[in-house]
């Protein structure tokens, strides 16, 4: 998990190249299409499509409540 975060910070991609440590998965960024692709991070890394409406609503609500406005970094 730490490797994927570091890769994402450095390259804006958690899996910039295929490697066995990350199960040779190649992440695809989300697009505005109807088939939202996401990386399901569990025991295995799996690219999946169409996140459930309930899960998406959770993230939308979280962003609406905490993701706007200005924040202090100290």
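Nothing in this text is a laboratory measurement; each read-out follows from the coordinates by a stated rule. All values derive from a computational prediction rather than experimental measurement. Heads up, the Cβs are rebuilt from the backbone with ideal geometry, glycines too, and the neighbour counts pull from every protein chain shown.
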Computed over the Cα atoms of the chain, what is the convex hull's projected area averaged over all directions, in nm²?
6.7 nm²
Label points 7 Å out from Cα along the Cβ direction at residue 17 and residue 41: separation in nm?
2.1 nm
